Amino acid sequence: MTRPVHIVLVYQSLLGIYGDRGNATVLMKRLQWRGFEPRLTVAEPGQPLPDDADIYLLGGGEDGAQTTAVRLLSQEGTLHRAAERGAVVFAVCAGYQILGTTFTIGEREEVMPGLGLLDITTRRGDVRAVGEILTRLRPLPGDVTPLSGDDALVTGFENHGGMTTLGPDASPLADVEIGIGNGDGSATEGAIQGSVVGTYPHGPILARNPGLADFLLETALRTRLDPLPVVPIPGLRRERVAAIRQGARG
Ligand code: GLN
């Protein structure tokens, strides 16, 4: 018998323009295929986020939308409580930036307070990072069987003006092979701190990188999951990696 698993998609109307809701679909499917009974809540501004979820997902969005989102999320506090109790908070791009201590918006680099769940700061870069990105996941904290070889490669599409620097409490999620990623000169991508994970690539990233999806599920459920061979995925991943290496970034 398996326990129910609750996933919350946070503020789809604010942080939903890059298709990152596909990350919820992927997690739901990978749980169902293993016999779990996942439940999805799409939470919108104005409603409190459920306090009992196993996984909270945030996506990308424009500067204005992310500013509204961070204001509402800091007022209502669910993500802080979630991180404290070890629930997974997984955020992409604008979602990633607002989990940090500060980020800046607009030409005038107005400094906005973030949620402080990741020890990162984000400032505007000289150029916008746009294009396919290829990274290699580092061994992830607590992962007893880290992904290796081609399984550790992550592909996605980045589109951000903010560049992110990690403080000592956050660890990079991956090293950049092609693309910009955090863009602070460290050649790293994303950040992880306890059960809170942020990253730049869209895709959605969990569809393109099932190893990362299963790492999040194992962290949330605090258990090892059996491998889940899905026949077309390795071939599609090889194609994507080859396309990026051959210059799909343009
Ligand atoms: N507005 C942020 C930036 O440009 C995030 C963009 C996004 O979510 N793709 O850095």
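Model label sites at residue 187 and residue 72, defined 7 Å from Cα along the beta-carbon direction, differ in position by 4.1 nm. Per-residue ellipticity at 222 nm computed for the chain from its helices equals -7500 deg cm²/dmol, with DSSP H segments shorter than 4 residues left out and the rest contributing -39,500 (n - 2.57).
Where both bridge residues fall in the chain, DSSP classifies roughly 60% of the beta bridges as antiparallel. Only the Cβ atoms of Lys and Arg (+1) and of Asp and Glu (-1) were treated as charged; on that basis the dipole of the stretch 63-184 about its Cα centre amounts to roughly 340 debye. Across the stretch 123-250, Cα pairs under 8 Å and at least six residues apart give a relative contact order of 26 percent.
Please work out, to two decimal places, the log10 of the ratio I(q)/I(0) at q = 0.21 Å⁻¹ from a Debye calculation in which every Cα of the stretch 189-233 carries one identical scatterer. At q = 0.21 Å⁻¹ the computed log10 ratios are -0.81.
Assuming charge only on the beta carbon of Lys and Arg (+1) and of Asp and Glu (-1), the dipole of the chain about its Cα centre is about 560 debye to the nearest 20.
Among 160, 202, 80, the largest mean-square fluctuation in a Gaussian network model of the chain, built with springs joining Cα atoms closer than 10 Å, belongs to 80. Database remark: amide H of residue 177 closer than 5 angstrom to the amide H of 134, 135, 136 (H placed geometrically; neighbours at sequence offset of 5 or more, or on other chains; Pro and chain starts carry no H). Comparing 130, 196, 231 in a Gaussian network model of the chain (Cα springs below 10 Å), the most mobile by mean-square fluctuation is 231. Between residue 123 and residue 236, residue separation times 0.36 nm minus the direct Cα-Cα distance comes to 37.2 nm.
Candidates 173, 159, 121 compared by Cα position along the dipole of the stretch 112-200: farthest toward the positive end lies 121, with charges placed on Cβ.
Using bins of 5 Å that start at zero, the share of Cα-Cα pairs per bin across the chain amounts to 1, 6, 15, 19, 21, 18, 11, 6, 2, 0, 0, in whole %.
Each 5 Å bin from zero up to the one holding the largest Cα-Cα distance in the stretch 102-226 carries the following percent of pairs: 2, 11, 20, 23, 21, 13, 6, 3, 1, 0.
Rg ratio for the stretch 23-76: its Cα radius of gyration over 2.2 N^0.38 Å, N being its residue count, equals 1.35. Name the residues of the stretch 196-224 whose amide N is less than 18 Å from a point 7 angstrom out from the Cα of residue 2 along the C-beta direction? Counting only backbone N, you get 207, 210-224. Roughly how many whole Å is it from the C-alpha centroid of the stretch 202-247 to that of the stretch 1-80? So the two Cα centres are separated by 19 Å. Taking the Cα centre of the stretch 22-117 as reference, the dipole from Cβ charges on Lys and Arg (+1) and Asp and Glu (-1) amounts to some 440 debye.
Every number here is computed from the coordinates shown, using simple stated rules; none is lab data. Keep in mind that this is a model prediction, so the values were computed, not measured. Because the Cβ atoms are built from the backbone with ideal geometry, glycine has one as well, and the counts that use them run over all protein chains shown.
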